[in-house]
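The values are calculated or read from the model by the stated rules, or taken from the named source; none is laboratory data. These numbers were taken from a predicted model, which means no experiment stands behind them. Positions of Cβ are backbone-derived with ideal geometry, glycine not excepted, and every protein chain shown enters the neighbour counts.
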Amino acid sequence: MFFQHVYDKTLAQASYFIGCQKAGVAAVIDPKRDVDTYIEIAKQNNMTITHVLETHIHADFLTGSRELAALTGAKLYLSDEGGPGWEYEFDHVGLKDGATFMVGNLKMETLHTPGHTPESVSFLLTDTPASPEPVMFFTGDFVFVGDIGRPDLLEKAAGMTGTMDAGAHQMYKSIERFSKLPDYIQLWPGHGAGSACGKALGAVPSSTVGYEKIRNWAFRFENDENGFVNYLLADQPEPPKYFAMMKKLNKVNRPLLTAVPKLKQLTNNEMMEAMGKGIKLIDARNKADFAKGFIPGSINIQGNNAFATWAGWFLNYEEPFMLLADESTLDDLTRKLMRIGLDNIMGYVASTDEYVKQGGQLDTVPVISIDEFKTVLTEPNIQIVDLRGATEYKSGHVEGADHVFVGTLLNNLDKVSKDKKVVVHCQSGDRATIGYSLLAKEGFKNVLNYSASMNEWLALGNPVVS
């Protein structure tokens, strides 16, 4: 058996390439959308991808299953569980609980494991030449290392009212079924630490069924279903705005994107004309470079691992947008965006140089030090705005700080004063700079950025309230 774990650290998303070397065939589970990765693995190992599997209709990324099937001729193996409204709307091999199929000499057994979503399935793999017993369990968003999938996304992100509580009770039953599996089976989940699909995902890529029974919080509620449900639903992080669109696009017969697009370089005039029409310019530079000088009206979303997540909060799927980014980063940024379906990139500009040469004036971010922040705290006409998530804010914040989560800032501009001096901060400064750029774009002139934020505040022993 050939096995390769493919991990997209930008979305904390795992996919799997599993091959039968004797037969020269392979399956891919939950592929990301830039599928050239899997095609290259197959090429290097003289294998043909014949099976593409999904564990459920994903909300956090746009799966590349159909792109991979189109390029390789592989068949799609997808859940037919969940009942009305949970059917994939394109051709596939439907899987019910207990369904088995072979990938060469590798046996895949389907287990219906609802809770995260009604149609969720997991796959037990048996390497039949080696043993009649299963060796690997691919759980998708069912069981993670140290955590389990959240059942509230359908209600909070996709607006499907009434699904949260029902999903939590389904998850309890699925966990009971998991508990009956042999301890020795390897567990390979769909996500790792940093994913919004749970609240306490572990950083290691895999585990075993036995280890999770011992260490995973979900197995501490034997004979206490209500306690399990209450704990599971409490303090889940805010689901990114784009999750609702992923639920739709992963289910319907959408257009395919089988190659990473090459972006058009825009002239300064083209960029300015587009901005004049309301088309967003996303400045993907480091926050420190952005602070030193940015094009008025641009939004700073750094091109780091969180780039796609924050872009999904603030970009509209129906409208084009532009990037300001160094040419060497374009392939990486484009891949990050296409993984959540943000394909409508009008083009890019490589720097602010041409804008300045043609007479444009850059704005700067008024970044303040911790000493300046402490001084500001004593002033009478001041508002401190904590842009972190609700759970972060509740766990400890600067006394007197108001909470406005940066992801929903544009929907809560009325909570930010235009009359007082305003200081924004977050945990490490990334979200504070996003927030500052959004407020500046909306015409706020009274905002300061304590960019060092809570990391510095806490490291120096300053007090918080909760």
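All of Gly190, Gly227 fail the test of being crowded, with 17+ Cβ neighbours inside 10 Å, small (Gly, Ala, Ser) and either in the same structural domain as Val28 (by TED's automatic domain parsing) or farther than 27 Å from Leu11 by Cα (or both), apart from Gly190. Hey, could you check region 315-326 for residues that are out of contact with any helix residue (DSSP H, G or I) (no Cβ under 6 Å at 6 or more places or on another chain) and surrounded by fewer than 21 Cβ atoms within 10 Å (Cβ to Cβ) and say which is farthest from Asp283 (Cα to Cα)? Among residues in region 315-326 that are out of contact with any helix residue (DSSP H, G or I) (no Cβ under 6 Å at 6 or more places or on another chain) and surrounded by fewer than 21 Cβ atoms within 10 Å (Cβ to Cβ), the one farthest from Asp283 (Cα to Cα) is Glu318.
Which one is surrounded by the fewest Cβ atoms within 10 Å (Cβ to Cβ), of the residues in region 405-436 that are part of a loop (DSSP other than H, G, I, E, B) and touching a helix residue (DSSP H, G or I) at 6+ places or on another chain (Cβ under 7 Å)? So, considering only residues that are part of a loop (DSSP other than H, G, I, E, B) and touching a helix residue (DSSP H, G or I) at 6+ places or on another chain (Cβ under 7 Å), the one surrounded by the fewest Cβ atoms within 10 Å (Cβ to Cβ) is Ser428.
Of the candidates Met171, Met136, Met164, the single residue that is touching a residue at least 40 places away in the same chain (Cβ under 8 Å), crowded, with 24+ Cβ neighbours inside 10 Å and not hydroxyl-bearing (Ser, Thr, Tyr) is Met171. Determine if region 126-135 includes at least one residue that is within 20 Å of Cys20 (Cβ to Cβ), in a strand (DSSP E or B) and in contact with a helix residue (DSSP H, G or I) (Cβ under 9 Å, 6 or more places away or on another chain). No, region 126-135 contains no residue that is within 20 Å of Cys20 (Cβ to Cβ), in a strand (DSSP E or B) and in contact with a helix residue (DSSP H, G or I) (Cβ under 9 Å, 6 or more places away or on another chain).
Checking each residue in region 437-459 for being part of a loop (DSSP other than H, G, I, E, B) and in contact with a strand residue (DSSP E or B) (Cβ under 9 Å, 6 or more places away or on another chain) picks out Phe444, Asn446, Tyr450, Ser451, Ala452. Of all residues in region 74-89 being touching a strand residue (DSSP E or B) at 6+ places or on another chain (Cβ under 8 Å) and of a type outside the set (A, V, I, L, M, F, W, C), which is farthest from Phe123 (Cα to Cα)? My answer is Tyr88.
Only one of these is touching a residue at least 40 places away in the same chain (Cβ under 8 Å) and under 27 Å from Arg33 (Cβ atoms): Asn286, Asn268, Asn300. Name it.
Asn300
When we screen Thr334, Thr329 for residues that are buried (at least 20 other Cβ atoms within 10 Å of the Cβ), part of a helix (DSSP H, G or I), in contact (Cβ under 8 Å) with a residue 12 or more places away in the chain and not hydrophobic (A, V, I, L, M, F, W, C), the only hit is Thr334. Residues in region 22-47 that are part of a loop (DSSP other than H, G, I, E, B) and free of Cβ contacts under 8 Å to residues at least 60 places away in the same chain: Pro31, Asn45, Asn46, Met47. All conditions but one from (1) closer than 24 Å to Thr117 by Cβ; (2) modelled with pLDDT of 95 or more apply to Leu71; the one that does not is (1).
In the set Pro129, Pro189, Pro182, only one residue is closer than 30 Å to Gly85 by Cβ and touching a residue at least 12 places away in the same chain (Cβ under 8 Å); that residue is Pro189. Could you tell me whether any residue of region 82-104 is closer than 20 Å to Ser195 by Cα, in the same structural domain as Glu133 (by TED's automatic domain parsing) and in a loop (DSSP other than H, G, I, E, B)? No, every residue in region 82-104 fails to be closer than 20 Å to Ser195 by Cα, in the same structural domain as Glu133 (by TED's automatic domain parsing) and in a loop (DSSP other than H, G, I, E, B). In region 161-198, of all residues being more than 20 Å from Leu125 (Cβ to Cβ) and part of a loop (DSSP other than H, G, I, E, B), the one that is modelled with the highest pLDDT corresponds to Ala193.
Residues considered: Thr63, Thr55, Thr50. Of these, the only one that is assigned to a strand (DSSP E or B), polar (S, T, N, Q) and either in contact with a Phe, Trp or Tyr (Cβ under 9 Å, 6 or more places away or on another chain) or at pLDDT 95 or above (or both) is Thr50. Taking the listed residues Thr63, Thr100, Thr50, Thr10, the one that is touching a Lys or Arg at 6+ places or on another chain (Cβ under 9 Å) and loosely packed, with under 15 Cβ neighbours inside 10 Å is Thr100, with no other qualifying.
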